[in-house]
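One structure is given here, and the rest of the page talks about it.
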Amino acid sequence: MVPDLILVTKLCVLARYEGKVYVTRMPTIRAYQVRSGSLAPVERPGPTAGPGQVVVRIRATSLNYRDLMILRGQYARGKVDGVVPLSDGAGEVVEVGAGVDRFAIGDRVAGTFMQSWTSGRLEPHHGGSALGGAIDGTLAERVAFADSGLVRIPTHLSFEQAATLPCAAVTAWNALFEAATTRPGETVLVQGTGGVSIAALQLARAAGARVIATSSSDAKLARVRELGAAATINYRTTPAWGEAAVRLTGGVGVDHVIEVGGAATFAQSLAAIRIGGTISYIGVLTGLTSDLEIGQVLIKAARVHGIFVGSRAMFEAMNAAITEQRIQPVVDRVFPFAQADEAYRYLESGAHLGKVVIAID
C-alpha cells in the first residue's frame with residue numbers, strides 16, 4: 001500500500017499509512033548564504049519538485065564579478081542579505097514535478113541566469129528571476145528550478161566546464177550574435193582575460209572572426225595567443241590601446257568591442273572601433289561614471305548595446321554552436337565546496353584567466 005500524503009512542507013512530510021500518521025523530516029542540504037558582507041555556510045531543508053519544477057543536484061558552480069558585488073553590498077538590484085549566491089550551476093536532474101515533460105531524472109542540465117526569460121526581448125520583470133540575487137542561486141547541493149529555466153548542457157563538457165556558461169558565455173554570445181552579427185573576417189576586441197572576454201574570444205574565433213585581446217599581463221597575453229588571439233596589447237605599457245588597435249587593423253578600426261571595463265575604458269573602446277562599429281557594454285569593473293564627450297559616439301556613428309546576459313533561447317543556440325565546434329570553456333581553477341571563501345578571494349585578486357569554479361561533491 002502506498003502512503004497517503006497529507007501535507008508536504010519545507011520541513012517535513014506528513015503521511016498516513018495503514019491508519020497511522022507519520023511525520024518525516026526532510027533531508028538537509030549544505031548551502032551558503034550572503035550575510036552582512038560575508039559567506040555563511042548553512043544547512044537547510046532540501047528542495048522538493050512542485051508542479052512544473054525540477055530539482056537538480058548541483059555538481060559545479062562558477063563565479064562572476066557580479067557575485068563579488070553582491071557580497072560587498074554593491075549590487076543595486078534589491079536586498080541580497082540572506083540569499084544563496086551564484087547564478088551559474090550545472091548538475092543532474094534528481095526529481096521532476098507534475099507536468100514536467102522537458103526533462104527526466106539523470107539529464108545533465110544548467111540553469112538560466114534569469115529563470116523567466118525564455119525567449120524574445122528582455123522585459124522589466126525578468127530581472128526579478130535572476131539567480132543568486134533576486135532569488136536564491138546555485139551555491140547549494142540541490143536547487144529547485146522552473147523546468148522552463150533549464151537547458152541541457154553539451155555532452156562533451158564536464159560539469160565544471162558547463163558551469164561556466166550561464167552568465168559569462170551567454171553574455172558573450174548575446175553580444176556577438178544576437179545584439180550584433182559577427183561575421184567571418186571581422187575583428188573583435190576583447191578586454192582582459194575574465195570569463196566574458198575569454199568566452200567571446202573562443203566564440204568569435206569559432207565564427208571566423210579575428211580577435212585582438214588586451215591585458216596588463218604579458219603572461220596572460222601569451223596564453224590568449226595560444227587560445228587563438230591574432231594580436232594582443234598590454235594596456236599598461238600602451239595606455240592609448242585604442243589607437244594601437246586601429247593600427248593593428250591597417251587604420252580602419254575594429255568592428256566590435258566587448259566592453260567589460262566600464263567608465264575608465266569606454267573612451268579607448270570608442271577610439272578603437274571603426275566608423276559604424278559596435279560596442280557591447282557589459283561590465284563595470286572601473287565604475288559607472290565617465291567624463292566622456294558623447295560627441296565621439298556621433299563622430300564614429302557608433303552602435304552601443306547594453307548587454308544583460310541573455311535568454312534561454314540564446315543559451316540553447318550557443319550550446320548548439322559549442323557542440324558543433326567542440327569548444328572547451330577555459331576553467332582557471334576549481335575549488336572544493338568547503339573553500340568557497342577562497343574561491344571568492346581568488347576571483348577578487350584578478351589572477352585568473354577564464355573562469356573560477358566551485359565543485360560540489
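The values are calculated or read from the model by the stated rules, or taken from the named source; none is laboratory data. Small disclaimer: the values here were computed from a predicted structure and weren't measured. Neighbour counts run over all protein chains shown; Cβ positions are idealised from the backbone, glycine included.
Worth pointing out:
- Residue tally, condition under 21 Å from Ile307 (Cβ atoms), polar (S, T, N, Q) and in contact (Cβ under 8 Å) with a residue 60 or more places away in the chain, over the stretch 211-267: 1
- Leu157 meets the conditions (1) in a loop (DSSP other than H, G, I, E, B); (2) more than 30 Å from Ile358 (Cβ to Cβ) in every case but one. The failed one is (2).
- With a requirement of 3 or more residues that are in contact with a His (Cβ under 7 Å, 6 or more places away or on another chain) and modelled with pLDDT of 95 or more, the strands (runs of 3 or more DSSP E) lying completely within the stretch 219-301 that satisfy it span 273-281.
- Leu71 meets all of the listed conditions (1) touching a residue at least 40 places away in the same chain (Cβ under 8 Å); (2) in a loop (DSSP other than H, G, I, E, B) but one, namely (2).
- Matching option when the condition is among the aliphatic types (A, V, I, L, M) and either buried (at least 21 other Cβ atoms within 10 Å of the Cβ) or under 21 Å from Ala317 (Cα atoms) (or both), among Ala98, Ala90: Ala90
- Set side by side, the residues Val84, Val54, Val42 differ, and just one is part of a loop (DSSP other than H, G, I, E, B), in contact with a strand residue (DSSP E or B) (Cβ under 6 Å, 6 or more places away or on another chain), at pLDDT 95 or above and in the same structural domain as Ala343 (by TED's automatic domain parsing), which is Val84.
- Of residues in the stretch 164-193 being among the small types (Gly, Ala, Ser) and in contact with a Lys or Arg (Cβ under 8 Å, 6 or more places away or on another chain), the one farthest from Arg102 (Cα to Cα): Gly185
- Considering only residues in the stretch 307-357 that are touching a Leu at 6+ places or on another chain (Cβ under 7 Å) and acidic (Asp, Glu), the one that is farthest from Thr278 (Cα to Cα) turns out to be Asp341.
- The listed residue being in a loop (DSSP other than H, G, I, E, B), assigned by TED's automatic domain parsing to the domain that holds Asn64 and at positive phi, out of Gly120, Gly133: Gly120
- Test for Ile105: is it in contact with a strand residue (DSSP E or B) (Cβ under 7 Å, 6 or more places away or on another chain) and at pLDDT below 95: no
- Residue match in the stretch 58-68 (condition: hydrophobic (A, V, I, L, M, F, W, C), surrounded by fewer than 19 Cβ atoms within 10 Å (Cβ to Cβ) and within 14 Å of the chain's Cα centre (by Cα)): yes
- Counting residues in the stretch 171-190 that are more than 17 Å from Glu316 (Cα to Cα), buried (at least 24 other Cβ atoms within 10 Å of the Cβ) and not aliphatic (A, V, I, L, M) gives one or more.
- Whichever residue in the stretch 139-168 is in contact with a strand residue (DSSP E or B) (Cβ under 9 Å, 6 or more places away or on another chain) and among the polar types (S, T, N, Q) and, among such residues, is nearest to Asp361 (Cα to Cα): Ser158
- Comparison of Ala175, Ala213, Ala144 shows that the only residue that is of a type in the set (A, V, I, L, M) and in a helix (DSSP H, G or I) is Ala175.
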